[in-house]
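K.L.:
Following this message is one structure expressed as structure tokens.
Quick note: the coordinates plus some simple rules give every number you see, no bench work behind them. In this text, all values refer to a predicted model and were calculated from it rather than measured experimentally. Every residue, glycine among them, receives a Cβ derived from its backbone with ideal geometry; neighbour counts consider all protein chains shown.
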Amino acid sequence: MNKYFSSSNMTGGYGGVDILNDCGIEVNQGEISVVVGPNGAGKSTAMKAMLGMITLKSGDVILNGKDISGLTPEDRVAQGIAFVPQTMNIFSELTVKENLEMGAFLRNDNINKTIEDIYKLFPILKDKKNQLAGELSGGQRQQVAVGRALMTKPSVLMLDEPTAGVSPIVMDELFDRIIEIKNTGVAIIIVEQNAKQALSIADFGYVLVGGKNKFTGKGSELLNNPEVRKAFLGG
Amino acid sequence: MENFDILNALILLANFVIVPAISYGSQLAIAALGITIVYAVLRFSNFAHGDLMSFGTMTAILFTWLFQNLGITGGVLPTALIALPFAIIVTALLCLLIDKSVYRFYRKQKSHAVVFMIVSVGVMFILNATVRFIIGPNDRTFFDGEKFLIRALDFKASTGLEEGLTIKSTQLITVIVAIITMLLLFYFLQKTKMGKAMRAYSNNEDLALLSGINPDRVVMITWIIVGALGTIAGVLYGLDKSFKPFTYFQLLLPMFAAAIVGGIGNPIGAVVGGYIIAFSEIMLTYAYKKFFIYLLPEHLEPSGLMQFLSTDYKFAISFIILVIVLIIRPTGVFRGKTI
Amino acid sequence: MIEKYRAPLAFLVMALLLAIVGFGQSWSVALGIINLCIISAIMALGVNLQWGYAGLFNAGVMGFTALGGLTAVLISHQPIYEAWSGAGSGILLSGFILISAGFGIYFVHKKIEKIILKRTLIIFIIGITLIGLNIFYGPSVSIIESINPAKTGFLGGLGLPIIVSWLVAAFVAGFVAWIIGKITLGLRSDYLAIATLGISEIVIAILKHEDWLSRGVRNVTGLDRPVPYEIELQKTTWFIDLIASINTSKLQAAQILSDRQDILNKLVIDGSSIFVKLCYAGLFILVLLIIYFLSHLALQSPWGRMLRAIRDNEDAASAMGKNIVAKHLQVFVIGSAIIGIAGAMLTTLDGQFTPGSYQPLRFTFIIWVMVIVGGSGNNLGSIFGGFFIWFMWIEAEPLSIAFISLLTNGLDYNSPLRMHLIASAPHLRLFIMGSILLLALRFMPRGVIPEKVSKE
Ligand SMILES: Nc1ncnc2c1ncn2[C@@H]1O[C@H](COP(=O)(O)OP(=O)(O)O)[C@@H](O)[C@H]1O
Ligand SMILES: [Mg+2]
């Protein structure tokens, strides 16, 4: 029985050697799955593969029981999958508000309500709505990035290292917001460097090494697994 | 105080520097906007833009002739203004055709910008040949209607000044059409969903894709805008001066200089750059002798022409300004790159 | 397997094409084409050095060609002593002022830290220079240009053999390239294209308008020749004997002595033109071979390998820092010097210098088509491209006219449409060039003779 959004047997890369070697990641609505692993393990690549941004040699991506492996990234976005990339995840030369509007590009209904919802989630964005996104601080940019992704009212949200380069206080804040989003019923996948903290809010966790699922399990299980602790959580 | 004739000096300057520079600057601004938008969205320096302008102008001339034959004229206004929308449509369609048959292939391949630049040289050859084939390489004027808004003689008669001020109707038309064009363009880029999507695509292509912005649509709209801007700039220039295909190729240098000086990829920069280049070109090639004769006492009057550079070298001025800006501030006056 | 035969095959086809012209039209025409093919090939080698080896887009080929042409005039034309004695010192002084100003500005730019002081000083220097030029330059120019304007009206040259200019042209073009390179290399790559486009326009503007230097649009004609004149040859015994001995059978066929003499005269006239062209061809081939072998050696050297490494991966190479700009400057200067040589050769071949004839499509962008169609990065490819594209450029015109005539056959002979189309047909050669370029880029992006991929 597949979860709401799931990938399996993903193998492939950028044309050269395979970066992903038979890996799979799943998440349910209203839950958070966390992907951790060393640098270069293929975490970002796995995210891109699930969004269809790279062509895989094999592997399936299922959304709500439907195989979406053949869809383009745009079509997957239209199907309700939102993605916040690791780098260059905002339109730096557009204002905050325009960033949000662009997130809703595919929508033809009134988006003002959604924008207000996002201002409620991230109040600072309301204050800075007419400022260029590129001029904001690191934490604020990540909020813009998440806000832009939420504009499609997605059922799945994939975040690639959303806390990279932000201060610990802002990081806690951001995790709180992510939990809030989860509580609205969105399925969330987070790739994280801060493995300990991320796994502590995870319903399910994956440790990716060399493009393979090295460990999988409930977040708390992984946190307590001595092997995982030793190798990835610093003892 | 007989020698200190500031009013005549100012009229002299207005007549020979300010009015021509404003109108030439407006033409350059619209032309540079086309270059800067191709650069921002499609990410290459379009060497074919001068010849695209020449094609657009040729189309407008052909429509003008057609209308004149049909007995349709603009009255006091040049018939070319009626022809302009039709020429824009034809030129925009041509841009789309060229994109589909030429540039698209390299976009899909994600070719390097310099490859696009060389491809644009090929397009330049073809456009150049097409224009010469259809209308020939010679100078043509296609202006009709009322030529002057203010005539020097009338001006002198009514003001009693020694210096006359001439304002050609084409100069006023240039400024009005240019302002309307810029307002429309900036409204489109800043206020409409598609305009914002274009800026978003220009700023961060991958994220634009992730937001569901259709790149083909963006490219299509870009070429339509570029075709329109090129035609408008070309027709304004041709009405004001005359139409000669080779002149349009030569405009490439001041056009690029305007775009780069302003900050390539930045539309406001292109507009400002257009006026900077135009004013520099005209101010530095104007002979100020008479101007100083009005202002200085007799014994200080200059003997030479008081000209920085002969008009033969007006292209050198765009180049010098370009080099100075590149040395002092390589990103241009307004930081360039995206729209 | 086929890769190995591409170059010989390409040159074979080229030889066949030229032979068709030789047999079909005349050998004099064919040789005329060949001589320009060789010059084109040399220009293509220069551009290939810059673009093929280093990835530098030089859109100012025309300017360097024209500089070479100017050098040919300045080296070979007899000095106009009257002009020199009248105003030579004024011109020299102006030149001195300009050069000092250049050095002054450079010095201020490098050494002075304070921006305000720096800019004030620079503006001051420019002001002084302008005043100085106003005093010395303007009057001197008027004097020079008033001396026998119908024939000279300029300073003339050094009166040396014109062939000397081929070497000097390399230095002149190289020096100008060095200045441009200093300013624009290291900036974004497309700025180099715009800057060189600008410089070449300015060079042409100077040559057209500084009559004291180049006679401007009044042209300099009757330049010295490195090879004999046809008229002289036709009067030279050994040459007549040579022609006679080659054509003995033809001459013997003529019955009457006076017929024989007529035939011989005609043969001598034809022969002299061919002989002169052959002489040029010999000289040009020599230059082509020298430049080809030097370029070839350079390509194989560590220097050439480093250039290509930079071209292929600028990021990795940028770890070497400033080195890239220095290398690019070297290759830009050398490539432009080669173009300058070709420019001097071209003016030598023409026997005249006509600034008005320099057109960017003909002198810059066609050369680019040559390099790209021939195969960027491959010297043999550039030579082939030079030959093939020049051949097409020449033959495109008659072909276009023939094509249009065929197309308009059905129209009334005097119909305005037909007249217009026939008159416009020559412009189709630009269309053909553009199409060749676009088709090559699309379907043969590495050219007819592709660059050899080094196995490392
Ligand atoms: N665009 C790309 N093209 C080619 N290789 C890439 C690309 N992006 C990443 N890689 C390679 O794929 C591997 C995995 O990268 P990535 O998925 O970004 O790792 P992670 O996100 O786990 O740190 C790395 O070896 C990296 O060099
Ligand atoms: Mg990553």
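K.L.:
Order by neighbour count: C:VAL369, B:VAL17, A:VAL144, B:VAL177, fewest other Cβ atoms within 10 Å first, most last.
P.N.:
Going from least to most buried by this count: B:VAL17, B:VAL177, C:VAL369, A:VAL144.
K.L.:
Mind telling me which of A:ILE181, A:ILE111, A:ILE169 comes out most flexible in a GNM of chain A, alpha-carbon contacts under 10 Å?
P.N.:
In this elastic network of chain A, the residue with the biggest mean-square fluctuation among A:ILE181, A:ILE111, A:ILE169 is A:ILE169.
K.L.:
What is the fewest-to-most order of B:THR170, A:THR87, A:THR72 by other Cβ atoms lying within 10 Å of their Cβ?
P.N.:
So the ranking, lowest neighbour count to highest, is A:THR87, A:THR72, B:THR170.
K.L.:
Shifting gears a bit: Using Cα centres only, tell me the gap between the stretch A:28-101 and the stretch C:364-422 in whole Å.
P.N.:
Measuring centre to centre over Cα atoms gives 52 Å.
K.L.:
Efficiency by 1/(1 + (r/R0)^6): what FRET value for B:ARG104 and C:SER435, r their Cβ-Cβ distance, R0 = 22 Å, to the nearest 0.05? Could you put the intermediate results ahead of the total?
P.N.:
Values: r = 17 Å, r/R0 = 0.79.
Here the calculated transfer efficiency is 0.80.
K.L.:
In debye, nearest 20: dipole of the protein assembly as shown around its Cα centre with unit charges on the Cβ of K, R (+) and D, E (-)?
P.N.:
1300
K.L.:
Still on this structure, I have one more. Normalising by the residue count of chain A, find the relative contact order in percent from Cα pairs under 8 Å and 6+ residues apart. Present the calculation step by step, with values, prior to reporting the outcome.
P.N.:
On the way: 459 pairs, mean separation 66.0, N = 235.
So the answer I get is 28 percent.
K.L.:
Treating only the Cα positions of the stretch C:82-155 as identical point scatterers, give the base-10 log of I(q)/I(0) from the Debye formula at each q in 0.15, 0.22 Å⁻¹.
P.N.:
-0.58, -0.87
K.L.:
Count, for each residue of C:427-437, the Cβ atoms from other chains sitting within 10 Å of its Cβ, then give me the mean as a whole number. The partial results should precede the final answer.
P.N.:
Working: counts 10, 4, 2, 10, 8, 3, 6, 11, 4, 2, 8.
So the per-residue partner count for this stretch is 6.
K.L.:
Residue separation times 0.36 nm, minus the C-alpha to C-alpha distance between C:GLN255 and C:ILE116: what's the value?
P.N.:
Going from the current span to full extension adds 40.9 nm.
K.L.:
May I ask for the angle, rounded to the nearest 10°, between helix C:302-312 and the longest principal axis of chain C, with both axes built from Cα atoms and the value confined to 0 to 90°?
P.N.:
80
K.L.:
Suppose we take every Cα in the protein assembly as shown and form the convex hull; what volume per residue is that in Å³?
P.N.:
247
K.L.:
To make sure I understand the rule: partners must be lysines, Cα under 24 Å from the Cα of B:LYS191, and not fewer than 8 residues away in the same chain. Which ones qualify?
P.N.:
Here the lysines satisfying the reach criterion relative to B:LYS191 are A:LYS97, A:LYS113, A:LYS126, A:LYS128, A:LYS129, A:LYS153, B:LYS337.
K.L.:
Additional query: How much net charge surrounds B:GLY164 when only the other residues with a Cβ under 14 Å from the Cβ of B:GLY164 are counted, with Lys and Arg +1 and Asp and Glu -1?
P.N.:
+1
K.L.:
Enter the mean number of other protein chain beta carbons within 10 Å of the beta carbon of each residue in C:197-205, as an integer.
P.N.:
5
K.L.:
B:PHE308 versus C:LYS452, label points 7 Å from Cα toward the beta carbon: distance in nm?
P.N.:
5.4
K.L.:
Let me ask another. Can you list which of the trypsin sites (Lys or Arg not before Pro) found in the stretch B:121-159 are DSSP loop residues with at most 13 other C-beta atoms within 10 Å?
P.N.:
When the trypsin sites (Lys or Arg not before Pro) of the stretch B:121-159 are filtered for loop state and at most 13 Cβ neighbours within 10 Å, B:LYS147 remain.
K.L.:
On to the next question. Please give the average number of partner chain Cβ atoms lying within 10 Å of the Cβ of each residue in A:84-90, rounded to a whole number.
P.N.:
That works out to 3 on average.
K.L.:
Please list the non-local residues whose amide H lies under 5 Å from the amide H of A:GLY217, H modeled 1.01 Å from N, same-chain partners needing a gap of 5 or more.
P.N.:
Those lying under 5 Å, H to H, from A:GLY217 are A:GLY205.
K.L.:
Determine, from the Cβ-Cβ distance of B:THR192 and B:PHE292 and an R0 of 30 Å, the FRET efficiency 1/(1 + (r/R0)^6), rounded to the nearest 0.05. If you can, show how the numbers build up before the last one.
P.N.:
Details: r = 51 Å, r/R0 = 1.68.
Efficiency for this residue pair is about 0.05.
K.L.:
Please compute the modelled spin-label separation between B:THR247 and A:SER167, points set 7 Å along Cα→Cβ, answer in nm with one decimal.
P.N.:
Label at A:SER167, label at B:THR247, 6.2 nm between them.
K.L.:
If you don't mind, another one. Based on DSSP H runs of at least 4 residues, each adding -39500 (n - 2.57), what is the mean residue ellipticity at 222 nm of the protein assembly as shown after dividing by all its residues, to the nearest 500 deg cm²/dmol? Each step should come with its number before you reach the end.
P.N.:
On the way: 45 runs with 648 residues, N = 1030.
That comes out to -20500 deg cm²/dmol.
K.L.:
Something else: Report the net charge of residues surrounding B:PHE116, where surrounding means a beta-carbon distance below 11 angstrom and charges are Lys +1, Arg +1, Asp -1, Glu -1.
P.N.:
So the environment of B:PHE116 carries a net charge of +2.
K.L.:
While we're here: What fraction of the DSSP beta bridges in the protein assembly as shown is antiparallel, stated in percent and rounded to the nearest 5?
P.N.:
The antiparallel fraction comes to roughly 60 percent.
K.L.:
Let me ask you something else. Taking the alpha-carbon centroid of each part, what is the distance from the stretch C:29-57 to the stretch A:113-161 in angstrom?
P.N.:
Using only Cα atoms to place each centre, the spacing works out to 57 Å.
K.L.:
Can you give the net charge of the other residues whose Cβ lies under 14 Å from the Cβ of C:TYR53, counting K and R as +1 and D and E as -1?
P.N.:
Local net charge: +2.
K.L.:
Tell me which of B:THR181, B:PRO330, B:ALA40 sits at the most positive position along the dipole axis of chain B, charges placed on C-beta atoms (Lys, Arg +1; Asp, Glu -1).
P.N.:
So the residue we want is B:ALA40.
K.L.:
For the Cα atoms of chain B, what angle does the longest principal axis make with the long axis of helix B:169-191, in degrees from 0 to 90, nearest 10?
P.N.:
The angle comes out near 40 degrees.
K.L.:
So, one more: Using only Cα atoms, tell me the angle between helix B:193-203 and the longest principal axis of chain B; keep it within 0 to 90° and round to the nearest 10.
P.N.:
90
K.L.:
Could you list A:ARG177, C:ARG442, A:ARG141 so that the one with the fewest beta carbons within 10 Å of its beta carbon is first and the one with the most is last?
P.N.:
C:ARG442, A:ARG177, A:ARG141
K.L.:
Going by a ≥ b ≥ c, the root eigenvalues of the Cα gyration tensor, does the stretch C:128-189 fall in the rounded group (a/c under 1.5), the prolate group (a/b larger than b/c) or the oblate group?
P.N.:
Cα axes put the stretch C:128-189 in the oblate bin.
K.L.:
How would the stretch B:2-328 be classified by its alpha-carbon gyration tensor: rounded, prolate or oblate, with rounded meaning a/c under 1.5 and the a/b versus b/c comparison settling the rest? List each step's numbers first, then the result.
P.N.:
On the way: a/c = 2.12, a/b = 1.59, b/c = 1.33.
Prolate.
K.L.:
FRET efficiency for C:ASN219 and A:ASP60, Cβ-Cβ distance as r, R0 = 60 Å, nearest 0.05?
P.N.:
0.20
K.L.:
Using the charge dipole of the stretch A:32-104 (Lys, Arg: +1 at Cβ; Asp, Glu: -1 at Cβ; taken about the Cα centre), state which of A:ILE54, A:LEU100, A:GLY80 has its Cα farthest towards the positive end.
P.N.:
The residue sitting most towards the positive pole is A:ILE54.
K.L.:
In addition: For the stretch C:86-205, place one equal point scatterer on every Cα, skip the solvent, and apply the Debye formula. What is log10 of I(q)/I(0) at q = 0.18, 0.19, 0.24 Å⁻¹?
P.N.:
With no solvent term, the Cα-only Debye profile gives -1.25, -1.28, -1.28.
K.L.:
Further question on the same structure: Rounded to the nearest 20 Debye, what is the dipole magnitude of the stretch A:81-133 about its Cα centre when Lys and Arg each give +1 and Asp and Glu each give -1 at the C-beta?
P.N.:
Rounded to the nearest 20 debye, it is 120 debye.
K.L.:
Continuing with this model, one more query. Taking 8 Å as the Cα distance limit and 6 or more residues as the minimum spacing, I'd like the relative contact order of the stretch C:82-155 as a percentage.
P.N.:
Numbers: 55 pairs, mean separation 37.2, N = 74.
RCO, the stretch C:82-155: 50 percent.
K.L.:
Please give the charge dipole size of chain C, origin at the Cα centre, charges +1 on K and R Cβ atoms and -1 on D and E Cβ atoms. Round to the nearest 20 debye.
P.N.:
Dipole about the Cα centre, nearest 20: 1160 debye.
K.L.:
Hey, what D do you get for the stretch A:1-96 in µm²/s if you plug the Kirkwood alpha-carbon radius into Stokes-Einstein at 20 °C and 1.002 mPa s? Please report the intermediate quantities before stating the final value.
P.N.:
Numbers: Rh = 14.2 Å.
Reported coefficient: 151 µm²/s.
K.L.:
Tell me whether chain C comes out rounded, prolate or oblate; compute the Cα gyration tensor, take square roots of the eigenvalues as a ≥ b ≥ c, and use a/c under 1.5 as the rounded threshold.
P.N.:
Oblate, since a/c reaches 1.5 and b/c is not below a/b.
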